[in-house]
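Participant: My structure is below; once you've seen it, I'll send some questions.
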Amino acid sequence: MFVCWCGSNIAATVDVEAVTEAVRTEPGVVVATNSQYMCSEGWQSSIRNAVAEHKLTGIVVCACSPRMHEPTFRKAAAAAGMNPYMVEIANIREQCSWIHKDKPEATEKAIILARAAVAKLNLDKPLTAGESPVTKRALVIGGGIAGIQTALDIADAGYEVDIVEKSPTIGGKMAMLDKTFPTLDCSACILTPKMVDAAAAEKISLYTYSEVESVKGFVGNFTVEIRKHARSVNSELCTGCGVCMEKCPSKKTKSEFNQGLSNRSAIYIPFAQAIPNVPVIDREACIKFQTGKCGVCEKVCTAKAVDYEQQDEIVTKQYGAIVAATGFNPIKLDNFDEFAYSQSPDVITSLEFERLCNAAGPTKGHVVRPSDHEEPKTIVFVQCVGSRSTVDCGKTYCSKICCMYTAKHAMLLREKYPGTEVYVFYIDVRTPGKSFDEFYRRAVEEYNVHYVKGMVGKVAPEDGHLRVQASDLIADKQIIIDADLVVLAPAIEPDPSARALGTMLTASMDTNDFFTEAHPKLRPVESPTAGIFLSGVCQGPKDIPDTVAQAGAAASKVIGLLSKDKLIGNPCVAECNEPLCNGCSACELVCPYGAITYEEKPVFDHGVRETRRVASVNEALCQGCGACTVTCPSGAMDLKGFTNLQIMAEVDAICR
Amino acid sequence: MKFSYFPGCTLKTKAKELDSAARGAAEVLGVEIEELDEWQCCGAVYPLARDEIATRLSAARALIDAKRKGQDLLTLCSACHHVIKRVNDDMKTDADMRGKVNNYVQPEAPYEGETRVVHYLEMLRDNVGFGEIKKLVTNPLKDRKIGAYYGCMLLRPSSVMSFDNPENPRIIEDFISAIGAEPVIYPYRNECCGGYLALEDRGISKDMSSRVMRSAAKAGADSIITACPLCLYNLNENGTGELPVRYFTELLAEALGVKSEGGLARAC
Amino acid sequence: MPIDEKGTFRPKIVAFCCNWCSYAGADLAGSSRLNYPADIKIIRVPCSCRVNPLFMLRAFQRGADGVIMCGCHPGDCHYTSGNYFARRRMTLLFGMLDYLGIEKGRTRVEWVSAAEGQKFAGTMNQFAETVKSLGECRRIEDLRCKESVG
Amino acid sequence: MQRIRGMMRDRAAEMLRSGSVSKVLGWEKGEFAYDETPAIFTSADELCSDNELGGLVYDGFSSAMLSKYLINATKKDKEGKAPKALVFLKPCDSYSFAHLLKERKVERENVYAVGVECRGMLDIEKIRLKGAKSIKSVEESGDSVNVSSFTKDYTFPRGEVLLEKCVTCKGLDFKYCDEVIGGGNEINWNRLDRFAGVEMIEEMTPEERFNFWRGELSRCIRCNACRNACPVCSCNKCVFDNTDSGVQSKANADSFEENMFHIIRAFHVAGRCTDCGECSRVCPRNIPLQLLNRKFIKDIDALYGEYQAGEDIEQKSPLTDYQFGDAEPSVIYKRGGGV
Amino acid sequence: MPVHVDEKKWAADITLSSGANVKKCMKCGKCSGACPNYAEMDIHPHKFVSMINDCDVSALLASKSIWKCLSCFACVERCPRDVKPANIIEAVRTRVLAPQGQNRLTPEGLPKFIKDLGEDAEKIPQQLLASAFRKYSR
């Protein structure tokens, strides 16, 4: 029994001496002592000495949360030659000293917690963790900048990596952007080389127009089914000449890539630099698929690549690690019609504005009103549309990127069209980041953008203008602006595919469907589920620099995992006491991992040998949740490390 | 289809045509309307203060009466609808209020917001169906360009009223299409007409009502319809006068070929 | 009746917390220094689905005055589905305890995520208050056990 | 009944003679006119004999359920071969049979299941309570029951002397039977709602509920009859007998401690109980144990949709299944009565 | 900032009666941006929220804005934080009307308004009178 002071963290409200004395007489306790910092190297060696001297078979540490130092003490026990799972921790810091002010009360509770830990330890059995091999290949889900960067870094370390992207090309949202803040360099110029690298890298395989269908297995040994949607074009044969797109008679579909600001053909490549440079047929829009008549693309294709018969294909592959990089979307603005988004074509989102600005966009970079293609003279930007909102249609968080890209948009407008008046309505301008605030100040000071603190209350499309009614909180007045173009900065939200993927990966998500990290500060790129890593906005709003940094961090974690030949498993797995097993299958039904199977087995029960149908646990698949143990009517299923008797012993110790 | 019906004071006096046209149309549509036996004025404005009980009682009584009959409560006047629906929401969600009101009214069983409050327009949309109305129209109002005026009370606050998208509603537009006319969308259809300020400060009502009417006229409407007697009064008396304003039930009755005393006789 | 020097009743409360969400939530409550009564003692389990209704009965039998179970929010279970099973089990158990005449306020289930330290402390304060107001739970307790232990 | 018995005998004897089955599970006469007991017949002669105790019988006292006997009757021998048994099942017994199939306690191929018509079983206690003592014989004819004792003869309306479990009969359908003898799935007696008893308790105050159960459960003598009769309680080794389970039996404990046994047992069979009512029927202390199980059934039906164990063996039982939108445990706080 | 004791209590009363949570306000000003009668007001919707938060109640009680708010709920509807400024304005108004003799509109005073309207007076719907009395008197 070792009691830690944690400096004054514990010792200030818990009388550690009293705790030490109180537990000394508990059954099984041989040594009881306390010290300043149990987790320090010095004390860990004293633990080692005590183990050797008193031939200890188990240790109870009264200290901070086991979520903090359980691994530390287990290592110390192992180093002392003990079974590392013969360690129990009584949490007398987070769950005692930090929350209670009254010293006698806190001390009493600490003693009870220590007793419960002793009671549990007395029933602990040495456990041996199983080992499992590591498949040396990684899967990256999502082919935006986050996924591309992660894959490049993993491949660079010499491991194979597959990217699964659900749209026909990699590139993601970054491919749609015009310039990037705060340097104003062209987005395509810095992204395209990376896309090309990803396509060319020997270790990287791209699965575009594909989705993850199912995920089974566990860290080091995932089995993933990937559905390759039928492109209707044979990628091997296609030369990417583009004749099919020119000749296609169905040209009325809104271009997803251009945010609906232009139309595309039914057979299409989203944009010129798309990778792979192979078109897909949108079967909903294709005349051949809808009516059976047409077939123009097949006729004009000299490479004979068009294949109407192509079917979806399921590819099954093994991976050691999976990276989620599913990215984001701006929220739908249906519930923000006070800004008239669905009532006027001249009210646009910032992503639509990016396409209007972009030289490769639908207007060749001319910023014009979508309604009449006139150059706007007065432009109003509205910040925080749906961000920082506690009403149903909004998001409670700050979307982080809008302040900076709006400053960029305003600046670009004023530079290109010096005759324009540009207003930005903001609640706060948030610019933490290197050279960010300077960038925003340039917009105000050098480019004369009108920043107004206040919110727009209504946009009324009238007489070909947009009558913007807003408040100016500094001047304490309501202002009316007749604008030609209104640009809304919508909140960003995780891609809708993330939710289903989270369930498949058993990776936890927060209430906004962002993936949760294993620790918000110390393990920001790992999911709490082993073997699942997070890259980019799927974990939380981020700009490009942050995304690339996180992508690299996720890659390094993956590389660390793949570099191991074997993984030590969790020994706290379910175990079937065969003579007790009824063979009823209840446990099999509740196991989320398919770790339980039934076998006909000889069973010795009271000297009788019988062949019975009994449950058998695959220790490599079992994650140790314990669902089976409770559902088992006969008590045959138990969970190592958290056995029925152990938990009841804890209950008894607490209640006595 | 049978509904309890709360007409409200104004429909018994200045807005008789709103009421009579609604009853006439309902007959054609096969909707039975049963006026509550003893209703009292809803108070016309919803008491925002949470500590006001007395001003909620008449709405609560109407709701309890409808519950007793096991019927949904149909309303027509925007103000009545607003008040009754919000009081019902209080009864559902505010335990404190619920206790106090029940204590006052002493119904046989405590009322907990069980009654569904349905506006006539919602009834047309959800119970009859605009498609069905289209079929029953004998006198489609062709070549008419009509601007729907929602005002405030039907739509807001949407969390309670849940009538339609509060910033871009379509129920009256769909109604206009159903009776064969062309709906005209204009940006001020959900902005205030000036409301009760008409009594004290007519200037404000004039500004606001004129803005609404101008906005509709600019968008190409040849008339405006509404469900609210006060909106109709303000637009007619304080608007620019460039467009006629009618109750939506009048046009419904007209389209369904219902003969009515008074209402339809008015020229517009 | 366990009564402290100040003469107030000190209930015994057992809290089962799943390792991934609620136990972490409790840790967060701790590191945020959010106070709740020392009467509450937490038992760590891997998942709320590990909590056998038997454990709760055992706690009452051994003299607990209240038992609370906390797990990940529905949909967020680390093991995908554990809390769904736990939810059904506990709902039925609580219904049965109520049916046997045990006060409803002595049992509770609350979903607390790792980020909800505030909620954890709030829940515990509220629960302890309720249990305290109900007084000592004599009903289900096995008196013999108490005597033999001590 | 005589006619049905004849058909049963003919059919069973034929199956035994042809070797299609090696044993028949039925009922034979007991010491008195009303205490028939389950019996295993291995020869046609034994089955058809009409001497004092021998021979297959079937009448209003054949209430014991035979389903559970199949577990042992069809157990594999040393060579791993399982005998095939014919079993007679009343409608409610067939649900329990189905449940045993579902939990793989009995393999379908080892059983030839014959459903037999049931018109509700008789309750000797009720007959006694009506004044009939020293009963010599009981004859059933139509809707009346003729009881003759050594002193006097009585006639009772059948509906008044039915077993409690039959008064609240859940239906006369047969599940998973190979054939049915007799039939008619119309209940022709005055049936009470099976949840009426549960509702009555639910309407009590917590204090009353507690006192009610304390009164009932304190009578328990831990004879284990309920457990032994229960078709769902078929564990190889019961947790109460297992010294490693932490809940092993504690005989002679404080009286109310026994409610732990019954709560745990009720929870163990929750979602699996077929509502056969054997627990209440066999209890020598007349504890209404079925009211515990029915509480779970009622809650399950209300919260997770109607579920009848044994109805469909492919269906997941409610406690091994879930829905995202399931009710939260806090629903119980909304129920009336107490805090 | 020292706050007058009574004002603190008033602010608490008003907050309670309004059912609004002024602490949730993030000072974006959308309420005032949405208000259709902003020009007529001396103190604007967003300031009602912040002044209640600061317990600066006397100024609000004297404000003419409470008679100009139309209860059109545009501010309530569009507030991204669900603060309900209109409820606060209403709560201030009820507080002003609460003492005896503070009614802004009385049955005796009504004929004057109606006379002002001239021959239009007969068109006034009941609804207008009822709502005006509710808003201006107790």
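The values are calculated or read from the model by the stated rules, or taken from the named source; none is laboratory data. Treat the numbers as computed from the prediction; the structure is a model and nothing was measured. So basically every Cβ, Gly included, is an ideal-geometry build from the backbone, and we count neighbours across all protein chains shown. Note: areas computed on protein heavy atoms with side chains; ligands, DNA, RNA excluded. Shrake-Rupley method; radii C 1.70, N 1.55, O 1.52, S 1.80 Å.
Participant: Specify the inter-centroid distance of segment B:145-187 and segment D:23-52, based on alpha-carbon positions, in whole Å.
Facilitator: Cα centroid to Cα centroid, the span is 81 Å.
Participant: How long are the semi-axes of the ellipsoid equivalent to segment C:18-150, from square roots of 5 times the Cα gyration tensor eigenvalues, in whole Å, largest first? Numbers along the way, then the final one.
Facilitator: Numbers: eigenvalues 121, 65, 34 Å².
Ellipsoid half-lengths, sorted descending, are 25, 18, 13 Å.
Participant: Can you tell me the FRET efficiency between residue B:159 and residue B:108 if r is taken as the Cβ-Cβ distance and R0 is 45 Å, rounded to the nearest 0.05?
Facilitator: Once rounded, the FRET efficiency stands at 0.90.
Participant: Follow-up. For the peptides D:159-172, E:103-116, A:575-588, what is the packing order when you average, over each peptide's residues, the other Cβ atoms within 10 Å and list the highest mean first?
Facilitator: Highest to lowest by the protection proxy: A:575-588, D:159-172, E:103-116.
Participant: Across peptide A:93-103, what mean number of C-beta atoms from other chains lies inside 10 Å of a residue's C-beta?
Facilitator: That works out to 6 on average.
Participant: Next question, about the same structure. Which lysines does residue E:123 reach when only Cα atoms under 26 Å apart count, and residues fewer than 8 places away in its own chain are ignored?
Facilitator: B:12, B:14, B:16, B:206, B:259, E:68, E:112, E:115, E:135
Participant: Okay, next question. Over segment E:7-102, what relative contact order in percent results from Cα pairs under 8 Å that are six or more residues apart?
Facilitator: Values: 126 pairs, mean separation 36.5, N = 96.
Relative contact order here is 38 percent.
Participant: Using only Cα atoms and rounding to the nearest 10 degrees, what angle (0 to 90) does helix C:22-31 make with the longest principal axis of chain C?
Facilitator: Between the helix axis and the principal axis of chain C, the angle is about 80 degrees.
Participant: Right, something else. Which parts of segment E:22-71, residue by residue, lose 50 Å² or more of accessible area when the rest of the protein chains are there, as against the chain isolated (1.4 Å probe)?
Facilitator: For segment E:22-71, once contacts with the other chains are taken into account, E:26, E:28, E:30, E:33, E:36, E:38, E:70 lose 50 Å² or more.
Participant: Hey, got the dipole for segment B:130-265? About the Cα centre, +1 on K and R Cβ, -1 on D and E Cβ, debye to the nearest 20?
Facilitator: Rounded to the nearest 20 debye, it is 220 debye.
Participant: Of the peptides D:36-43, A:501-508, how do they stack up when ordered by the mean number of other Cβ atoms within 10 Å, highest first? Numbers along the way, then the final one.
Facilitator: Details: D:36-43: 17.2, A:501-508: 22.0.
The densest-packed peptide leads the list: A:501-508, D:36-43.
Participant: Tell me, what ³J(HN,Hα) does each residue in segment D:213-227 have, in order and in whole Hz, if you take phi through Karplus 6.51 cos²θ - 1.76 cosθ + 1.60 with θ = phi - 60° and put x for Gly and Pro?
Facilitator: 5, 4, x, 5, 6, 5, 7, 4, 10, 6, 7, 6, 4, 4, 5
Participant: Please compute, for peptide B:4-15, the average count of beta-carbon atoms on other protein chains lying within 10 Å of each residue's beta-carbon.
Facilitator: Per-residue shielding by partner chains comes out at 3.
Participant: Taking a threshold of 26 Å on the Cα-Cα distance, which of the pairs A:203/A:332; A:179/A:364; A:395/E:27; A:377/E:24; D:29/D:84; A:173/A:364 fall above it?
Facilitator: A:203/A:332; A:377/E:24
Participant: OK, next. Note down the net charge around residue B:159, summing +1 for each Lys or Arg and -1 for each Asp or Glu among other residues with Cβ under 11 Å from its Cβ. Present the calculation step by step, with values, prior to reporting the outcome.
Facilitator: Numbers: positive: B:86, B:156, E:84; negative: A:392, B:89, E:77, E:82.
My count for the surroundings of residue B:159 gives -1.
Participant: Further question: Estimate for me the total accessible surface buried between chains D and C (protein heavy atoms, probe 1.4 Å, no ligands or nucleic acids), in Å² to the nearest 100.
Facilitator: Chains D and C together bury approximately 4100 Å².
Participant: OK, next. Quick one: which residues, 5 or more positions from residue A:534 or on another chain, have an amide H under 5 Å from its amide H? H modelled 1.01 Å from N in the peptide plane, none for Pro or chain starts.
Facilitator: Placed amide hydrogens put A:324, A:526, A:527 under 5 Å from residue A:534.
Participant: Another question about this same structure. Go through A:80-88, A:460-468 and give me the packing order, highest mean Cβ count within 10 Å leading. Could you put the intermediate results ahead of the total?
Facilitator: Numbers: A:80-88: 20.2, A:460-468: 18.7.
Order by mean packing, descending: A:80-88, A:460-468.
Participant: Let me ask you something else. When the dipole is taken about the Cα centre of chain B, and only Lys, Arg (+1) and Asp, Glu (-1) are charged at their Cβ, what size is it in debye, to the nearest 20? Could the numbers behind the result be given before it?
Facilitator: Numbers: 34 positive and 38 negative charges, 80 e Å.
In debye, rounded to 20, chain B gives about 380.
Participant: Per residue of segment A:578-594, in order, report the coupling 6.51 cos²θ - 1.76 cosθ + 1.60 (Karplus, θ = phi - 60°) as ³J(HN,Hα) in whole Hz, putting x for Gly and Pro.
Facilitator: So the J values, rounded to whole Hz, are 4, x, 7, 5, 8, x, 8, 6, 4, 5, 4, 5, 9, 6, x, 10, x.
Participant: Return the value, in Å² to the nearest 100, of accessible area buried between chains E and A (probe 1.4 Å, both sides summed).
Facilitator: Summed over both sides, the interface buries about 1600 Å².
Participant: Find the relative contact order for segment D:1-115 and round it to a whole percent, using C-alpha pairs within less than 8 Å whose residues are 6+ positions apart.
Facilitator: 25
Participant: Any idea what the dipole of the protein assembly as shown comes to, in debye rounded to 20, about its Cα centre with Lys/Arg Cβ at +1 and Asp/Glu Cβ at -1? Let's see the in-between values first.
Facilitator: Values: 191 positive and 200 negative charges, 213 e Å.
About 1020 debye.
Participant: Sticking with this one: What's the average, rounded to a whole number, of partner chain beta-carbon atoms within 10 Å of each residue's beta-carbon in A:447-456? Each step should come with its number before you reach the end.
Facilitator: On the way: counts 0, 0, 0, 0, 0, 1, 3, 7, 13, 6.
Across A:447-456, the average partner-chain Cβ count within 10 Å equals 3.
Participant: Find out how many positive minus negative residues lie around residue C:122, taking Lys and Arg as positive, Asp and Glu as negative, among other residues whose Cβ is under 10 Å from that of residue C:122.
Facilitator: For residues surrounding residue C:122, the net value is -1.
Participant: Another question, then. Over the protein assembly as shown, give the accessible area per residue in Å² for a 1.4 Å probe, as an integer.
Facilitator: Normalised by residue count, the accessible surface of the protein assembly as shown is 39 Å².
Participant: If you don't mind, there's one more thing I want to ask. Return the distance in nm (one decimal) between the two label points of a simple spin-label model at residue B:51 and residue D:79, each offset 7 Å from Cα along Cα→Cβ.
Facilitator: It is 9.2 nm.
Participant: Amide H of residue A:637: which non-local residues (sequence gap of 5 or more, or other chain) have their own amide H closer than 5 Å, using H built in the peptide plane?
Facilitator: A:577
Participant: Quick one: which residues, 5 or more positions from residue A:493 or on another chain, have an amide H under 5 Å from its amide H? H modelled 1.01 Å from N in the peptide plane, none for Pro or chain starts.
Facilitator: Residues meeting the amide H criterion: A:329, A:331.
Participant: For the protein assembly as shown, build the charge dipole from Cβ charges (+1 Lys, Arg; -1 Asp, Glu) around the Cα centre, then report which of E:12, A:272, A:28 sits farthest towards its positive end.
Facilitator: A:28
Participant: Taking segment A:418-526, how many lysine pairs are there with alpha carbons less than 29 Å apart, if each pair must be eight or more places apart or span two chains?
Facilitator: For segment A:418-526, qualifying lysine pairs total 4.
Participant: Would you mind telling me the share, in percent, of accessible area of the protein assembly as shown contributed by carbon and sulfur at probe 1.4 angstrom? Display every interim value, and only then the final one.
Facilitator: Working: 30270 of 60690 Å².
Percent of accessible area from carbon and sulfur atoms in the protein assembly as shown: 50.
Participant: Let me ask another. Would you please state the base-10 log of I(q)/I(0) at q = 0.14, 0.26 1/Å for segment A:243-300, with intensities from the Debye formula using one equal scatterer on every alpha carbon?
Facilitator: Reported log10 I(q)/I(0), two decimals: -0.35, -1.10.
Participant: Next question. Only helices at least 15 Å long along their own axis, judged from Cα atoms, and with Kyte-Doolittle mean hydropathy of -1.0 or greater: name those in chain A from DSSP H. Kindly include the intermediate steps, with their values, before the conclusion.
Facilitator: Details: long enough: A:41-54 (20 Å, -0.88); A:66-79 (20 Å, -0.83); A:103-122 (28 Å, 0.13); A:145-156 (16 Å, 0.92); A:187-200 (20 Å, 0.97); A:402-416 (21 Å, -0.07); A:544-562 (26 Å, 1.01); A:644-655 (16 Å, 0.92).
Once both thresholds are applied, what remains is A:41-54, A:66-79, A:103-122, A:145-156, A:187-200, A:402-416, A:544-562, A:644-655.
Participant: While we're here: Compute the relative contact order of chain D as a whole-number percentage, counting only Cα pairs closer than 8 Å that sit 6 or more residues apart in sequence.
Facilitator: 15
Participant: What is the distance, in nm, between label points placed 7 Å from the Cα along the Cα-to-Cβ direction at residue A:41 and at residue A:618?
Facilitator: With each label placed 7 Å out from Cα toward Cβ, I get 4.3 nm.
Participant: Putting +1 on Lys and Arg Cβ atoms and -1 on Asp and Glu Cβ atoms, find which of D:177, A:239, C:63 reaches farthest to the positive end of the dipole of the protein assembly as shown.
Facilitator: C:63
Participant: Now for a separate question. Can you give me the distance in nm between label points at residue D:71 and residue D:221, each placed 7 Å from the Cα along the Cα-to-Cβ direction?
Facilitator: For residue D:71 paired with residue D:221, the spin-label model returns 2.4 nm.
Participant: Have a look at A:399, C:99, D:292 and report the one farthest towards the positive end of the charge dipole of the protein assembly as shown, computed about the Cα centre with Cβ charges (Lys/Arg +1, Asp/Glu -1).
Facilitator: A:399
Participant: In addition: Per 0.36 nm of contour for each residue apart, how much would the distance between residue E:58 and residue E:137 grow if the chain were fully extended, relative to their Cα-Cα spacing?
Facilitator: Gain in length upon complete extension: 26.5 nm.
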